[in-house]
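To start, the structure under review is shown below, and the notes come after it.
The values are calculated or read from the model by the stated rules, or taken from the named source; none is laboratory data. Predicted model only: the values in this text are computed from it and were never measured. Note: ideal-geometry Cβ built from the backbone for every residue, glycine included; neighbour counts use all protein chains shown.
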Amino acid sequence: MMTPSEGLEVLGVVGGRAAVNGSTPLVVLDCHYVITPGEEAGLVVTWYHGHNPRPVYQWIHGTPPQALGILRGRLDLRYESSPDHLKAHSALAFVTPTTELAGPYTCRVATYMQEDSATGEFVEDSATGEFVVYTPASQFDLKMSKPLHDGKIVFVCDAQNVFPEPNIALFSTDTASKSRVPLPGILHKDYDVATNLYQVSVESFVMGQDLAGETLFECVLSIPGTSYALRETLLYYPDVISRSATAEAG
């Protein structure tokens, strides 16, 4: 990466990294860079989505910005991220983003530094940031069976209609010792192409005779790259079950 003294340096991609599907009015992903004064000729800011070599946004200094490909009609092209005329349209301003816009975005900044009347050097630098657009689960539930004839107690936790692919896990906590341990289980994940949503579940069991006393069973659902999390618990004591649920989002 170049240093500012060499003309140009992209410092990174900053801004909103997570948004709720179709519910966030405006999300900004900005490209931060510095340019040595006097070396900004031919400034171009270009954004790419995923591994697609075709740009989805381009701003040539002195001309209006353009949204291309998947971002055509999905950005506020009037948005200005800085009063500095060299950085005014460096950002992607998503208008009510939906899940198909999620993924890594790379910004590339280039200038044309005129060395003399006959030769020139094209200089560029880039940075990548991940943008997550998620759909909260429409249903989340933890169920526990009564002890079976062989003493097994079966736990099933499932979540419906969530995106992107979430993490789901079961835990048990002995309330006396406060020892929390993960429960090994069978994981099921199904992806519906038509709706772009996941259905996930995890199933596990414990032997009733192994439970010395009051035990808290817990299911946690989370989406990587976000603070979104759901948690549901069942408190087990011989012939007694109580339930609670909590949710976090961000």
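Here are the numbers for the structure shown:
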| quantity | calculated |
| --- | --- |
| From Thr173, Thr128, residue being touching a Lys or Arg at 6+ places or on another chain (Cβ under 9 Å) and among the polar types (S, T, N, Q) | Thr173 |
| Flag for Val56 being more than 16 Å from Asp125 (Cα to Cα), within 22 Å of the chain's Cα centre (by Cα) and surrounded by fewer than 19 Cβ atoms within 10 Å (Cβ to Cβ) | no |
| Test: Thr195 is surrounded by fewer than 19 Cβ atoms within 10 Å (Cβ to Cβ), among the polar types (S, T, N, Q), modelled with pLDDT under 95 and over 26 Å from the mean Cα position of the chain (by Cα) | no |
| Selection count, the stretch 218-250, where residues are at pLDDT below 95, assigned to a strand (DSSP E or B) and among the aliphatic types (A, V, I, L, M) | 6 |
| Whichever residue in the stretch 116-135 is among the β-branched types (Val, Ile, Thr) and at pLDDT below 70 and, among such residues, is nearest to Gly7 (Cα to Cα) | Val123 |
| Residue among Val56, Val14 that alone is more than 27 Å from Ala229 (Cα to Cα) and either assigned by TED's automatic domain parsing to the domain that holds Asp125 or out of contact with any His (no Cβ under 7 Å at 6 or more places or on another chain) (or both) | Val56 |
| Selected residue [of a type outside the set (A, V, I, L, M), in contact (Cβ under 8 Å) with a residue 40 or more places away in the chain and within 14 Å of Tyr105 (Cα to Cα)] from Tyr57, Tyr48, Tyr33, Tyr79 | Tyr48 |
| Any strands (runs of 3 or more DSSP E) falling wholly within the stretch 126-217 and containing at least 3 residues that are within 30 Å of Val27 (Cβ to Cβ) | 152-162, 167-174, 186-192, 197-207 |
